[in-house]
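Asks: Sharing a structure, written as structure tokens. Questions coming.
What follows is calculated from the coordinates using simple rules that are stated; it is not laboratory data. Just so it is clear, the model here is predicted, and its values are computed rather than measured. Note that each Cβ is placed from the backbone with ideal geometry, even for glycine, and that neighbours are counted across all protein chains shown.
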Amino acid sequence: MTQQTQVNGECTTLRSTSRGEIVGRSAKLRAVMDTVDRVAKSSCNVLISGESGTGKESIVAALHDASRRSSMPFVTLNCGALPEALMESELFGHSRGAFTGAHATRQGRVAQAEGGTLFLDEIGELPLGLQAKLLRLLQQREYTPVGDNRTLKCDIRIVAATNRNLVEEVARGTFREDLFYRLNVIEIALPALRDRTEDVADLVAHFCKLAMAMAGRDDIAGFAPDAIDALLEHDWPGNIRELENTIQRAVLLAPGPTIGCSDLPLGASRGGQRGASAGSVAALPDEGINLREVMEEYESTLVRQALERTKWNKNQAAKLLGMNRTTLVEMVKRKRIG
Ligand SMILES: Nc1ncnc2c1ncn2[C@@H]1O[C@H](COP(=O)(O)OP(=O)(O)OP(=O)(O)O)[C@@H](O)[C@H]1O
Ligand SMILES: [Mg+2]
């Protein structure tokens, strides 16, 4: 049986980055941080791979912070966020009049990142046409803004991240092999949370402290042994982000002072003791609650989790939530989730 975990207990913080702290003690996470430090000083391209929510963005931030470029810009572009034409101008910029609505010359992310690090998130989503242009950037550090005929030079370090298996994408013909090899000079593979359970207690204490500050609660002392056991048993398909959301919700809803197993809506776990529809029933605090507000918050948290876990694929997210797509779309609009 696990000991009760105190909120103010030991919590191993390996690094503080501009995107939050990196907490954990597992040998796997320490090995990742060692690699980060070893490659930080060079300017070689790095590919960060890992399931959704494993901390890819946090690791890129640590890499930037540990590099000689740390005082220079750290610029992010999500390669799956925009259609190809818009993405090109977002990346390389455009000149005035390059297309309808281009009223002024605009710098792209490449220019914004000059001297620093350009983080290309979800690189597996980059349209094939743009992959060729990115290859040129990687090979020659040259690019041409949309609607321009100049060739511009840049000095940036490129770090890309993906939760897709790019080797499979190359085999399928959706990702250029030459680009893959250029990006993959160094690969840092982030382990799934279920494969480094030694980090769970540290992360729980860390997120609990943050959530208590956010919720304005100082009455939560810690987690009951059965809650910690349940957290260690859970599969964490959404990895650290899912853990963060779970703790936030528990801190918001639990009557306190100890968070127990029934305060944690973990869904299906490896042990299989919990049904996916079981959810959690928080004990009603003596002073009562505003049920409507609590339910709204609870609903929003789960909807957001489903969307994040499915990379905003509304069909899949709706399936995870047991509702139809139209209902989900309406809910996202009404709750302004985005
Ligand atoms: N080792 C860690 N210690 C503390 N917090 C962490 C750690 N790793 C990640 N986080 C936090 O977990 C959340 C998810 O991390 P991050 O956004 O870096 O993951 P990701 O792999 O980029 O996710 P996605 O694939 O969904 O984009 C963030 O809030 C981040 O601050
Ligand atoms: Mg990310």
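Asks: Go through region 1-100 and name the GluC sites (Glu not before Pro) that are in a DSSP coil and have 15 or fewer other Cβ atoms within 10 Å of their Cβ.
Replies: Loop-located and lightly packed - Glu10.
Asks: Turning to a different aspect of this structure: How high is the FRET efficiency between Lys209 and Gln112 when r is their beta carbon distance and R₀ equals 22 Å, given to the nearest 0.05?
Replies: 0.05
Asks: Is there a quick way to get the dipole size of region 27-190? I mean about its Cα centre, with the Cβ of Lys and Arg at +1 and of Asp and Glu at -1; what is the value in debye to the nearest 20?
Replies: That gives region 27-190 a dipole magnitude of about 480 debye.
Asks: Taking +1 at the Cβ of each Lys and Arg and -1 at the Cβ of each Asp and Glu, which of Ala230, Gln316, Ala201 sits farthest along the dipole of region 194-334 towards its positive end, judged by Cα position relative to the Cα centre?
Replies: Final value for the positive-end residue is Gln316.
Asks: Same structure, new question: Add +1 for every Lys or Arg and -1 for every Asp or Glu among the other residues with Cβ under 11 Å from the Cβ of Glu297, and state the total.
Replies: My count for the surroundings of Glu297 gives +1.
Asks: Using the Karplus equation 6.51 cos²θ - 1.76 cosθ + 1.60 (θ = phi - 60°), what ³J(HN,Hα) coupling, rounded to whole Hz, does each residue of region 89-95 give in order, writing x for Gly and Pro?
Replies: Each residue of region 89-95 in turn: 6, 5, 6, 9, x, 8, 9 Hz.
Asks: Give the long-range amide H neighbours of Asn78: residues separated by 5 or more places, or on another chain, with amide H under 5 Å away, using H modelled in the peptide plane at 1.01 Å from N.
Replies: Asp121
Asks: Read phi for every residue in region 291-305 and hand back ³J(HN,Hα) as whole Hz from Karplus 6.51 cos²θ - 1.76 cosθ + 1.60, θ = phi - 60°, with x for Gly and Pro.
Replies: Ordered by residue, 3J(HN,Hα) equals 4, 4, 5, 5, 5, 4, 5, 5, 4, 4, 4, 5, 5, 4, 4 Hz.
Asks: With each pseudo-label sitting 7 Å past Cα toward Cβ, what's the Glu21-Ser70 distance in nm, one decimal?
Replies: 1.8
Asks: Hey, with R₀ at 41 Å, roughly what FRET efficiency would Asn149 and Lys319 work out to, going by the Cβ-Cβ distance, to 0.05?
Replies: 0.30
Asks: Suppose every K and R has +1 on its Cβ and every D and E has -1 on its Cβ; what is the size of the dipole of the chain about the Cα centre, in Debye to the nearest 20?
Replies: Numbers: 42 positive and 43 negative charges, 256 e Å.
In total the dipole reaches around 1220 debye.
Asks: Sketch the reach of a paramagnetic label on Gln139 as a point 7 Å from Cα along Cα-to-Cβ, and name the residues of region 29-71 whose backbone nitrogen lies under 20 Å away.
Replies: The answer is 44-47, whose backbone nitrogens lie closer than 20 Å to the label point.
Asks: Taking amide hydrogens as modeled 1.01 Å from N in the peptide plane, which residues meet the under 5 Å criterion relative to Arg157, leaving out close sequence neighbours?
Replies: Hits under the 5 Å cutoff: Gly116, Thr117, Leu118.
Asks: Hey, another quick one. Please give the calculated 222 nm ellipticity per residue for the chain, where each DSSP H segment of at least 4 residues contributes -39500 (n - 2.57) and the sum is spread over every residue; nearest 500 deg cm²/dmol?
Replies: Rounded to the nearest 500, the figure is -12500 deg cm²/dmol.
Asks: Return one number: the angle in degrees, 0 to 90 and rounded to the nearest 10, between the long axis of the Cα atoms of helix 239-253 and the longest principal axis of the Cα atoms of the chain.
Replies: 40
Asks: Once the cut-off is 22 Å, how many percent of the Cα-Cα pairs in region 49-129 end up in the long-distance tail?
Replies: When all Cα pairs of region 49-129 are counted, 35 percent exceed 22 Å.
Asks: Of the cross-linked pairs Lys41/Lys153; Lys56/Lys319; Lys133/Lys333, which ones have a Cα-Cα span greater than 29 Å in the structure shown?
Replies: Over 29 Å Cα-Cα: Lys133/Lys333.
Asks: Then there is this: Could you pull out every residue, at least 5 positions away or on a different chain, whose amide H is within less than 5 Å of the one on Val146? Hs are placed 1.01 Å off N in the peptide plane, and Pro or chain starts have none.
Replies: Result for Val146 returns Gly93, His94, Ser95.
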